[in-house]
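Q: Take a look at this one; I'll ask things after.
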Amino acid sequence: MSEINMASLVTKNALRSVMSPIEPLSVLLAITLLLTSSGFSAGIKVVYLTSHCGSVIPTGVGGLLEAESGLKYKNNIDCTVTLSALPTHRILVQFQRFTLESGVNGKCPDSLRLFDGNTVDDPALTAELCGRFTQLPDYVSSGSNITARFKTDDGGQSMGFGIYFTQISDAPCLSDGEFECNNSFCIDRSLVCNTINMCGDWSDEGNCTAPPPEVQGLSLAAIVGIGVAIIFVIAMVVLLILRIIQYQRQRLTLKRLVDQVDKDVKKNPYARLPADASEVIDQDEDESYVLKTDDIGLSGKVFGRKRSSKVAPAQYDS
């Protein structure tokens, strides 16, 4: 067996065990989710309900209420959170998405309910909601507080919900810092032209060919677009680096194995065998020894005794 064939046999399966596969798609997904989630939360205020159980959360000008910071909500939750606006204002809530476990026999295994006040003893704004809804009506508090109660059982999970909340007052607006919507609600001017329907009737997004005078710099849509492009470039660079590292590791491993085989071959007097392993390699005048193929190991070493066939002297009739 030649040196190159010996090296090929050694390295063929060795590389498979030495190298662990890289998951480029997983790396790309992790980077994208990490960067896009932080970019989005910088646009408007995001409140994770299960991270504030038993708390009163000031609404500020508005924001987004999410069930969980993770992809799916957890089991065995009983969490109550109160959103609180200024005493002179009320709260508008709009469901962006809603996906909980579906009801069984008229009962909700997981549910959300909104109350018109700062406790669960106040009048309910909604029924006990569960299942999946593509559209739910908007709700407006009678005062400055809305309380949300989220409950889950010990089995099954889903994607949860996202609810926009906006601090509103009734027209005429209380200050120049507010924008009057077509539905007679007033919202903070910082919410105008942010690509989100904070008025409830889209009138805050109806005349956005140019940013309002008080808004400076890039629009939210432009910032998001630039952010996505940067994320894509970073992800591609990371993938390229990973592929280069993987390639270099393969080359280094292969070189080490081939060098080691080369050293073994040079030390071993039996490494350089003829192509026909049955060829006679040693012979004297009385007998011949034949080295069989199955006596030779991968490195060219001979295991056990050499099998031999003795050639008997010719017999002559007298």
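The values are calculated or read from the model by the stated rules, or taken from the named source; none is laboratory data. For clarity, every value in this text was computed on a predicted model and none was experimentally measured. For neighbour counting, all protein chains shown are included, and Cβ atoms are generated from backbone atoms with ideal geometry for every residue, glycine included.
Q: Consider only pairs whose beta carbons are under 6 Å apart and that are at least six residues apart or on different chains; among these, list those whose first residue lies in the range 163-185 and is at positive phi and whose second residue is surrounded by fewer than 17 Cβ atoms within 10 Å (Cβ to Cβ).
A: What qualifies is Ser184/Ala171.
Q: OK, next. Would you pick out the residues in the range 152-176 that are out of contact with any Pro (no Cβ under 8 Å at 6 or more places or on another chain), surrounded by 14 or more Cβ atoms within 10 Å (Cβ to Cβ), of a type outside the set (A, V, I, L, M) and not in a strand (DSSP E or B)?
A: Scanning the range 152-176 gives Gln157, Ser158, Cys173.
Q: Residue under question is Gly131, and the condition is that it be over 27 Å from Pro87 (Cα atoms) and not basic (Lys, Arg); does it hold?
A: Taking the combined requirement at face value, the residue satisfies it.
Q: Could I ask something else about it? Within the range 143-158, can one find any residue that is in contact with a Cys (Cβ under 6 Å, 6 or more places away or on another chain), at pLDDT below 95 and among the hydrophobic types (A, V, I, L, M, F, W, C)? Break it down into steps so the answer makes sense when it comes.
A: Taking the range 143-158 as the starting set, the residues that turn out to be in contact with a Cys (Cβ under 6 Å, 6 or more places away or on another chain) are 150.
If we keep only those that are at pLDDT below 95 too, we end up with none.
No, the range 143-158 contains no residue that is in contact with a Cys (Cβ under 6 Å, 6 or more places away or on another chain), at pLDDT below 95 and among the hydrophobic types (A, V, I, L, M, F, W, C).
Q: Take the residues in the range 56-72 that are in contact with an Asp or Glu (Cβ under 9 Å, 6 or more places away or on another chain) and under 23 Å from Thr119 (Cβ atoms), then tell me which one is surrounded by the fewest Cβ atoms within 10 Å (Cβ to Cβ).
A: Step one: of the range 56-72, the residues in contact with an Asp or Glu (Cβ under 9 Å, 6 or more places away or on another chain) are 60-62.
With under 23 Å from Thr119 (Cβ atoms) added as a condition, the list becomes 60, 62.
Details: Gly60: 17, Gly62: 22.
Among them, the one singled out is Gly60.
Q: Moving to a separate point now. Return yes or no: is Ile77 at pLDDT 95 or above and either buried (at least 20 other Cβ atoms within 10 Å of the Cβ) or β-branched (Val, Ile, Thr) (or both)? First the steps, then the outcome.
A: Values: at pLDDT 95 or above: no; either buried (at least 20 other Cβ atoms within 10 Å of the Cβ) or β-branched (Val, Ile, Thr) (or both): yes.
Criteria not met by Ile77.
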